[in-house]
Protein chains: 2
Amino acid sequence: MAVSDEGRRSEAEAMCPHRLVLEHVTSRWGVLVLIRLLERPYRFSELRRAIGRVSEKMLTQTLQTLERDGLVHRDAKPVIPPRVDYSLTGLGREAAEQVRELARWTDRRMADVLAARQAYDEARTP
Amino acid sequence: MAVSDEGRRSEAEAMCPHRLVLEHVTSRWGVLVLIRLLERPYRFSELRRAIGRVSEKMLTQTLQTLERDGLVHRDAKPVIPPRVDYSLTGLGREAAEQVRELARWTDRRMADVLAARQAYDEARTP
DNA sequence: GTGGGTACTTTCTATTAGTTAGTGCAACTC
DNA sequence: GAGTTGCACTAACTAATAGAAAGTACCCAC
């Protein structure tokens, strides 16, 4: 492929929102939310406790993004105290299953990663 | 990612190593690098052009992180001008294939996501 | 009436991403 | 033979973003 074609294609890809959706799904808190919601619906604070070390702001933001992309369903009951349930949509379930597979892979291969790191670190600090 | 900060890095790695590896694999530029390297080895600048809109700093950082985790192999030939080839390790190929599946899913379901977004936006701007 | 819980929003600061410029050397152009 | 370009980075700086903390508005238990 010619260099000029390569350049214009990257330009088009950056403008195309495909990369952005992928970023939402693979975002730091997005992956953890999706994996959690795969087991069952969660309430906001419950989800926050389950994930751990998420700020409320980031969880809200992540959930809003995923809801807008049609991956997460938000069910707010107009009661006091407020009760909001989050669950996966069909679309969200598809994404979440793939993300969970990645997470499981990470789990399985953790030892290899740690070994690689140790080798890497030792190679440059003799 | 403060790769140079030894102290806080080991601290973070001890806290939740599994989550961190997943973050490296699903990082913004990490996914794009892995998918590209799945087709063939790339040189640094070549990879930069292929991905598009990556700063050299971020590409360097991403590649170093992935190399340290044992996902990417770096082959630097001591010639002038410098020539450095990046390729996937066995471990990296496994991760990359899963990431590519996610990217393909995003491609397939893009229309649904866009429809969901439109519905979401229209619902709160009448 | 103090403390805790609900689901957020707002404000402010710490961290991180991205931009720009520089490195040393060779191979091109002119 | 001066100037430009490309290579694979690194360092310094700035813009953007994440995270911490507090505020909101309401209820319940003690």
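For this structure, a couple of remarks:
- Residues whose placed amide H lies under 5 Å from that of A:H73, excluding near-sequence neighbours: A:S87, A:L88, A:T89
- Across the range A:116-124, rounded Karplus estimates of 3J(HN,Hα) from the backbone phi angles (6.51 cos²θ - 1.76 cosθ + 1.60, θ = phi - 60°) give 4, 4, 4, 4, 4, 5, 5, 5, 10 Hz, Gly and Pro being marked x.
- Other copies of B:R53: label-to-label distances in nm, shortest first, labels 7 Å along the beta-carbon direction: 3.0
- Using just its DSSP H runs of length 4 or more, each adding -39500 (n - 2.57), chain B gives a mean residue ellipticity at 222 nm of -21000 deg cm²/dmol after division by all residues.
- Copy-to-copy label separations for A:M110, where each label sits 7 Å from Cα toward Cβ, in nm and ascending: 3.6
- Listed residues B:T106, B:T125 arranged by accessible area, highest first, probe 1.4 Å: B:T125, B:T106
- The Rg/Rh ratio of the range A:3-123, with Rg taken over Cα atoms and Rh as the Kirkwood radius over Cα pairs, comes to 1.10.
- Figure note: B:W29, B:W105 ranked by solvent-accessible area, largest first, 1.4 Å probe, ligands and nucleic acids not counted: B:W29, B:W105.
- In order along the range B:36-42, phi translates into HN-Hα couplings of 5, 5, 5, 7, 5, x, 10 Hz, rounded to whole numbers, per the Karplus curve 6.51 cos²θ - 1.76 cosθ + 1.60 with θ = phi - 60° and x for Gly and Pro.
- J(HN,Hα) series, the range A:64-76, from Karplus relation 6.51 cos²θ - 1.76 cosθ + 1.60, nearest Hz, glycine and proline x: 5, 5, 5, 5, 4, 7, x, 9, 10, 9, 10, 10, 9
- Extending 7 Å from Cα along the Cβ direction at A:Q64 and again at B:R28 yields two label points whose distance is 1.9 nm.
- Amide proton proximity set for B:R43, modelled H, under 5 Å, gap of 5+: B:Y86
- Residue order by solvent-accessible surface for B:H73, B:H24 is B:H73, B:H24, largest first, with ligands and nucleic acids left out and a 1.4 Å probe.
- Reciprocal of mean inverse Cα separation for the range A:15-64 (Kirkwood radius, Å): 11.4
- Each residue was assigned an accessible area with a 1.4 Å probe, and for B:M110 the value is about 20 Å².
- Label-point distances for A:Q64 to the equivalent site in the other copies, using a point 7 angstrom along Cα→C-beta, read 3.5 nm when ranked shortest first.
- The angle separating the long axis of helix B:6-15 from the principal Cα axis of greatest extent in chain B is about 50 degrees.
- The separation of the range A:109-126 from the range A:61-108, counted between C-alpha centres, amounts to 35 Å.
- With both labels modelled 7 Å from their Cα along Cα-to-Cβ, the B:E46 to B:V79 distance reads 1.1 nm.
- Across A:V54, A:V33, A:V79, mean-square fluctuation computed from a Gaussian network of chain A (C-alpha pairs under 10 Å connected) peaks at A:V79.
The values are calculated or read from the model by the stated rules, or taken from the named source; none is laboratory data. As the structure is a prediction and not an experimental result, all values here were calculated from the model. Cβ sites come from the backbone with ideal geometry, for glycine too, and all protein chains shown count toward neighbours. Side chains are part of the model used for accessible areas, which takes the heavy atoms of the whole protein and leaves out ligands, DNA and RNA. Shrake-Rupley method; radii C 1.70, N 1.55, O 1.52, S 1.80 Å.
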